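All remarks here apply to the structure that follows.
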Amino acid sequence: MSENVHPGINLGASHGEAHHGSERTAFGFWIFLMSDLVIFGILFATYVVMRPNLAGGPGPSELYDLKSIAKQTGLLLASSFTFGLVSLSMKYGSRTGAVAFWLVITAALGTGFLYLEIKDFARMAGDGGIPQRSGFLSSLWALVGLHGLHLVAGLAWIGVMLALITARGLSDAVKSRLLLLGLYWHFLDLIWIGIFSVVFLGGMA
Amino acid sequence: MKREARSELRRYVTGAALSAAFTVLAFWAVMGSSLPRMTALWVVGLSAIAQIAVQLRFFLHIGWRQKREDLQLILFSLLLLGLMIGGTIWIMSSLASRM
């Protein structure tokens, strides 16, 4: 095993400069991820506090659709795994085609997740579950919505990386950015574990 | 090189399989079982913690042999998070029970 210079998958010594070059950027990116985690943590705390405050509006049993949440969870977990395949084909294969292929699959799974989530939100709004209805609904939309927005940003980032790969191939800078995108994508899956456990399963148990 | 690649792939497959197992367990406890509410909540909570640990280990490659500043960053963030979430819920529930 080669020496690890940062948390997350490392490019390894065979990638020369790119391996050590990613040490500082990865550390900086971890600082961003941890501050993002604090934002999500506060929203989780707000949700738990606001959870009983329905103000006569609809509650979890009228609004949540656990089957759809289960499908979304499956899609997101699968996309986290396929991003692992992006990292591995970059680290060992260095073939542009394989990296791009798994990136496209990851983006497709992420888009499927987002489609189901938007459908859920639209149905909730149709059933009177709009954010300004109650403290519970405000905190729900803020928490789950922020995760959804992160996913949109992740999909845009994947698009940018695909364009960069096509234009420049797997240069050192591109490899280093793909490492960061991988950290970001796995991080979103971690947040989602918290959301489906605390918000959806916790609310329906 | 080839062996290392295969062992790293196995790492991701293990992570995905364990994550899927914990997810199914959590959803089953709420949707498919007739467990009492408190038991179901415990199953959901514990499988969430287990799944987060699995993904940190297998997807994000975080272990005990981290470089010191990386580990300190993560642990310090978790400390802040615990203080803020725990403190908020403690204070607000105490407030609610006194009103």
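The values are calculated or read from the model by the stated rules, or taken from the named source; none is laboratory data. What you see is a predicted model, and the numbers here were worked out from it, not measured in a lab. Cβ placement follows ideal geometry from the backbone for every residue including glycine, while neighbour counts extend to all protein chains displayed. Heavy atoms of the whole protein, side chains included, go into the accessibility calculation; ligands, DNA and RNA do not. Shrake-Rupley method; radii C 1.70, N 1.55, O 1.52, S 1.80 Å.
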Quiz prompt | Virtual paramagnetic centre 7 Å along Cα→Cβ of B:Val24, amide N under 17 Å, in segment B:42-59 | solution = B:44, B:47-48, B:51
Quiz item: Taking the Cα-to-Cβ direction at B:Ala17 and at B:Ile91 and moving 7 Å from each Cα, how far apart do the two end points lie in nm?
Solution: 4.7
Exercise. Using only atoms on other chains, find how many Cβ atoms lie within 10 Å of each Cβ of peptide A:167-173 and report the average.
Key: 0
Exercise. Name the residue, out of A:Leu179, A:Leu103, A:Leu116, whose mean-square fluctuation peaks in a Gaussian network model built on chain A with Cα pairs under 10 Å.
Key: A:Leu116
Quiz item: So what is the diffusion coefficient of segment A:12-168 in µm² per second by Stokes-Einstein at 20 °C and 1.002 mPa s, using a Kirkwood Rh over Cα pairs?
Solution: 119
Quiz item: Under unit Cβ charges (Lys, Arg +1; Asp, Glu -1), what dipole magnitude, rounded to 20 debye, does the protein assembly as shown have relative to its Cα centre?
Solution: 460
Exercise. Return P(r) of segment A:86-177 (all Cα-Cα pairs; 5 Å bins starting at 0; whole %; ordered from short to long distances).
Key: 3, 12, 19, 17, 12, 10, 9, 7, 7, 4, 1
Self-check item: Stokes-Einstein D (µm²/s) once Rh is taken as the Kirkwood radius of chain B over alpha-carbon pairs, at 4 °C in 1.567 mPa s
Solution: 79
Exercise. Would you please state the base-10 log of I(q)/I(0) at q = 0.07, 0.08, 0.16 1/Å for the protein assembly as shown, with intensities from the Debye formula using one equal scatterer on every alpha carbon?
Key: -0.29, -0.37, -1.36
Exercise. Heavy atoms only, probe 1.4 angstrom, no DNA, RNA or ligands counted: give me B:Arg65, B:Arg37 ranked by accessible area, highest first.
Key: B:Arg65, B:Arg37
Self-check item: Dipole of segment B:1-55 [Lys/Arg +1, Asp/Glu -1 at C-beta], most positive-end residue of B:Ala29, B:Leu41, B:Leu9
Solution: B:Leu9
Practice problem: Kindly write out, for segment B:36-41 in residue order, the coupling ³J(HN,Hα) from the Karplus curve 6.51 cos²θ - 1.76 cosθ + 1.60 (θ = phi - 60°), rounded to whole Hz, with x marking Gly and Pro. | Solution: x, 3, 5, 4, 4, 5
Quiz item: So how exposed is B:Lys67, as accessible area in Å² (1.4 Å probe, rounded to 10)?
Solution: 60
Practice problem: Quick one: dipole size for segment A:46-154, taken about the Cα centre, charges +1 on Lys/Arg Cβ and -1 on Asp/Glu Cβ, in debye to the nearest 20. | Solution: 260
Practice problem: Please name which of A:Ser35, A:Thr46, A:Val144 has its Cα lying farthest along the dipole of chain A towards the positive end, using unit charges on Cβ (Lys, Arg +1; Asp, Glu -1) and the Cα centre as origin. | Solution: A:Val144
Quiz item: With point charges of +1 on the Cβ of Lys and Arg and -1 on the Cβ of Asp and Glu, referenced to the Cα centre of segment A:1-92, which listed residue (A:Ile69, A:Leu85, A:His15) lies farthest in the positive direction of the dipole?
Solution: A:Ile69
Practice problem: Taking only Cα atoms and a 10 Å spring cutoff, compute GNM fluctuations for chain B and point out the largest among B:Gly45, B:Gly32, B:Gly87. | Solution: B:Gly87
Quiz item: Which of rounded, prolate, oblate describes segment A:15-99, given a ≥ b ≥ c as roots of the alpha-carbon gyration tensor eigenvalues and a/c under 1.5 marking rounded, otherwise prolate only if a/b is larger than b/c?
Solution: oblate
Practice problem: In whole angstrom, note down how far apart the Cα centers of segment A:91-108 and segment A:14-90 are. | Solution: 21
Quiz item: Hey, with R₀ at 41 Å, roughly what FRET efficiency would A:Leu54 and A:Arg168 work out to, going by the Cβ-Cβ distance, to 0.05?
Solution: 0.20
Practice problem: Within 10 Å of each Cβ in peptide B:56-66, how many partner chain Cβ atoms are there on average? Round it to a whole number, please. | Solution: 5
Quiz item: What list of ³J(HN,Hα) couplings, whole Hz, do you get for segment A:189-202 from phi and the Karplus terms 6.51, -1.76, 1.60, once you set θ to phi - 60° and write x for glycine and proline?
Solution: 5, 4, 4, 5, 4, x, 5, 5, 6, 6, 6, 7, 5, x
Quiz item: Would you list B:Thr39, A:Thr166 from the most to the least accessible area, probe 1.4 Å?
Solution: A:Thr166, B:Thr39
Practice problem: Might you report the magnitude of the Cβ-based charge dipole of segment A:84-205 about its Cα centre, with Lys and Arg at +1 and Asp and Glu at -1, to the nearest 20 debye? | Solution: 320
